[in-house]
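These notes are about the structure you will find just below.
What follows is calculated from the coordinates using simple rules that are stated; it is not laboratory data. Quick caveat, the model's predicted, so the values are computed rather than measured. A quick note on method: Cβ atoms are made from the backbone with ideal geometry, for glycine too, and the neighbour counts reach across all protein chains shown.
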Amino acid sequence: MPQSVLFICLGNICRSPLAEAALREECKLQSVSMVVDSAGTSDWHAGQAPDERAQAVATKNGLDIGHLRGRMVSANDFRDFDHIIALDAQNLKDLENIQPVDGTAQLSMLTDYIHGRKGEDIADPYYGKENGFDVTWAEVTEAARSIVKVLK
Ligand code: 4NP
């Protein structure tokens, strides 16, 4: 059975769709089979395509994420996925609070997979400067390489 990974941020339109795209791409490059998805702790952007700035940084790096749609994390996700990876500490706290008792997914933070950054947040680029999305992309691609190495 391939490992399954769900990335979680707040809105599911900036950070977690980029993490999803980066891990899918790394799996493709390494010929590794994994189930990869993303969701938000909120339903604020459910049904919406990723933020245009997130789409732009993906396009700049050769990937199309325009087909992705936001969704809120559900109780079933804790039973369906092997790994649920939070993009920041608040996301992790929110996940811990809604985790069902029979949830089997292992919870972690994305920066646990980036050398020297364990426990740190992936900064939310939503309200920030344009280059924030380039920073996010660099972080999620570094983490994706490490996730493939660790989980494959
Ligand atoms: P994300 O970014 O959690 O990385 O998708 C955000 C997207 C939307 C909002 C906040 C963060 N918002 O406040 O609507």
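Values for this structure:
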| read-out | value |
| --- | --- |
| Some residue of segment 25-38 being of a type outside the set (A, V, I, L, M, F, W, C) and without any contact (Cβ under 8 Å) to a residue 12 or more places away in the chain | yes |
| Qualifying residue in segment 24-31 (condition: assigned to a loop (DSSP other than H, G, I, E, B) and over 16 Å from the mean Cα position of the chain (by Cα)) | yes |
| Qualifying residue in segment 85-100 (condition: assigned to a strand (DSSP E or B) and crowded, with 16+ Cβ neighbours inside 10 Å) | yes |
| Residue in segment 105-122 that is assigned to a loop (DSSP other than H, G, I, E, B), within 15 Å of the ligand (Cβ to nearest atom) and among the basic types (Lys, Arg) present | no |
| Single residue of SER16, SER38 found to be buried (at least 24 other Cβ atoms within 10 Å of the Cβ), among the small types (Gly, Ala, Ser) and in a strand (DSSP E or B) | SER38 |
| Total residues in segment 123-143, condition under 16 Å from CYS9 (Cβ atoms) and either assigned to a loop (DSSP other than H, G, I, E, B) or away from the ligand (no atom under 16 Å from the Cβ) (or both) | 6 |
| Filter pass, ASP51 being among the acidic types (Asp, Glu), within 13 Å of the ligand (Cβ to nearest atom), touching a residue at least 60 places away in the same chain (Cβ under 8 Å) and under 17 Å from ALA143 (Cα atoms) | no |
| Meets criteria (surrounded by 14 or more Cβ atoms within 10 Å (Cβ to Cβ) and touching a His at 6+ places or on another chain (Cβ under 9 Å)) for SER146 | yes |
